[in-house]
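K.L.:
This structure is in structure tokens; I'll ask about it shortly.
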Amino acid sequence: MKLIIQIPCLDEEQTLPATLAELPRHIAGVDSIEILVIDDGSSDKTAEVARELGVHHVLRHTRNQGLGRAFRTGLDAALKLGADIIVNTDGDGQYCGDDIPRLIAPILAGEADIVVGDRQTASNTEFGFTKKCLQWLGSYVVRSLSGTDLPDAVSGFRAISRKSAIRLNILSKFSYTVEMLIQAGNKQMHVVSVPVRTNPKTRESRLFASIPQFVSRQLVSMLRMYAMYRPMRFFLYLGLVLSVAGAIPIFRFLISYFSGAGAGNIQSLILGGVLMTMGFMVFITGLLSDLISQNRQLTEIALEKIREMELDQQAVSGVVLPGPE
């Protein structure tokens with residue numbers, strides 16, 4: 001059983017040493033533990049510090065590509081290195097490395113495909129009131145869209161089984177947290193949560209410049225993923241809204257018409273007709289999108305098989321890490 005701990009980093013020269021010092025070197029039930037650092041175009045000496053501190057594998061993007069792509073680079077590399085379990089943690093030391101054995105325990109026991117660390121934000125003093133509210137709301141929305149039951153959906157402290165990692169296809173540049181869970185839920189993976197500890201904050205987040213920016217980007221990711229995996233339901237709701245909105249002015253026109261004043265409310269008939277037509281067009285779009293979604297699922301199945309064959313071939317011929325991007 002091989003565990004690889006991957007750490008996406010951006011300018012973590014100062015915080016990386018403490019993060020690495022907390023990581024476990026031996027865990028019961030795990031034969032080997034390796035550390036993989038993904039330097040996402042840092043302007044400091046993050047990669048050099050990682051090598052000096054004995055990190056087993058260091059990959060570097062020549063320019064910043066975003067947390068989502070850094071996560072995907074790490075996931076692909078960890079699979080090529082033969083990882084049976086992949087743990088993702090942050091380079092700023094937010095998550096307590098001593099909790100990794102607890103994080104991977106459900107996977108070792110064969111009880112879960114993905115495990116998400118719950119930072120217990122409601123009682124966590126590191127979170128302010130606004131952040132607690134946004135975290136609760138975001139987690140509620142993700143639970144609704146993904147069908148998973150997680151109290152901390154945006155936590156980046158995660159353990160992923162090899163089989164599940166092969167099935168994940170992270171497309172977002174911004175972040176992986178929400179997209180990954182919506183994919184996992186719609187692919188019927190078993191996702192569970194375990195409570196974990198956090199360390200005192202060492203710096204402000206570099207993922208977003210402001211809370212409104214973070215919220216808007218996460219909402220876009222949620223809508224995109226939901227429309228991708230459940231297009232018929234997405235467009236059905238939208239079409240119903242437009243159709244109901246169109247039926248109201250038409251009903252108003254009919255009441256006026258039969259009462260003898262219809263000529264003065266012709267604009268209601270026009271508006272209602274436009275809205276009803278738009279609703280019908282959205283329904284048709286939903287049908288077409290559902291067909292495209294079925295084809296996409298077939299493509300994903302084929303991609304999984306290709307990945308498995310590539311990894312099997314690499315296991316026979318030897319592992320070669322991808323070069324810098």
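K.L.:
Working only within the stretch 182-194, note down all residues that are modelled with pLDDT of 90 or more and part of a helix (DSSP H, G or I).
P.N.:
The one that is modelled with pLDDT of 90 or more and part of a helix (DSSP H, G or I): 184.
K.L.:
Where in the stretch 25-117 are there strands (runs of 3 or more DSSP E), lying wholly inside it, with at least 1 residues that are closer than 22 Å to residue 161 by Cβ, modelled with pLDDT of 95 or more and acidic (Asp, Glu)?
P.N.:
Working: elements: 32-40, 57-61, 85-88.
Where strands (runs of 3 or more DSSP E) fall fully within the stretch 25-117 and carry at least 1 residues being closer than 22 Å to residue 161 by Cβ, modelled with pLDDT of 95 or more and acidic (Asp, Glu), they are 32-40.
K.L.:
Can you tell me which residue within the stretch 34-52, out of those that are more than 22 Å from the chain's Cα centre (by Cα) and among the β-branched types (Val, Ile, Thr), is surrounded by the fewest Cβ atoms within 10 Å (Cβ to Cβ)?
P.N.:
Taking the candidates together, the pick is 49.
K.L.:
I'd like the full set of residues that are in contact (Cβ under 8 Å) with a residue 60 or more places away in the chain and either surrounded by fewer than 19 Cβ atoms within 10 Å (Cβ to Cβ) or under 23 Å from residue 216 (Cβ atoms) (or both), limited to the stretch 98-115.
P.N.:
98, 101, 102, 105, 111
K.L.:
Can you spot a residue in the stretch 167-174 that is under 22 Å from residue 308 (Cα atoms) and not in a loop (DSSP other than H, G, I, E, B)?
P.N.:
Within the stretch 167-174, one or more residues are under 22 Å from residue 308 (Cα atoms) and not in a loop (DSSP other than H, G, I, E, B).
K.L.:
In addition: Does residue 117 qualify as being over 14 Å from residue 158 (Cα atoms), of a type in the set (Gly, Ala, Ser), in the same structural domain as residue 167 (by TED's automatic domain parsing) and in contact with a Lys or Arg (Cβ under 8 Å, 6 or more places away or on another chain)?
P.N.:
no
K.L.:
A follow-up question, please. Can you list residue pairs whose Cβ atoms sit under 6 Å apart, with the first residue in the stretch 120-138 being on the phi < 0 side of the Ramachandran plot and the second being in a helix (DSSP H, G or I)? Count only pairs 6 or more apart in sequence or on different chains.
P.N.:
121/132; 121/135
K.L.:
In addition: Regarding residue 252, is this residue modelled with pLDDT under 90, in a helix (DSSP H, G or I), among the basic types (Lys, Arg) and over 30 Å from residue 154 (Cα atoms)? Spell out the reasoning first.
P.N.:
Working: modelled with pLDDT under 90: yes; in a helix (DSSP H, G or I): yes; among the basic types (Lys, Arg): yes; over 30 Å from residue 154 (Cα atoms): yes.
Yes; evaluated as a whole, the condition is true for this residue.
K.L.:
Another question, then. Could you please find all residues in the stretch 1-27 being touching a Leu at 6+ places or on another chain (Cβ under 9 Å) and among the aliphatic types (A, V, I, L, M)?
P.N.:
1, 4, 5, 7, 10, 16, 20, 21, 27, listed by residue number.
K.L.:
Still on this structure, please answer the following. Hey, among the residues in the stretch 151-166 that are within 13 Å of the chain's Cα centre (by Cα) and assigned to a loop (DSSP other than H, G, I, E, B), which one's farthest from residue 219 (Cα to Cα)?
P.N.:
157
The values are calculated or read from the model by the stated rules, or taken from the named source; none is laboratory data. The shown structure was predicted, so the numbers you read here are calculated from the model rather than taken from an experiment. All Cβ positions, even for glycine, are placed from backbone atoms using ideal geometry, and neighbour counts span all protein chains on display.
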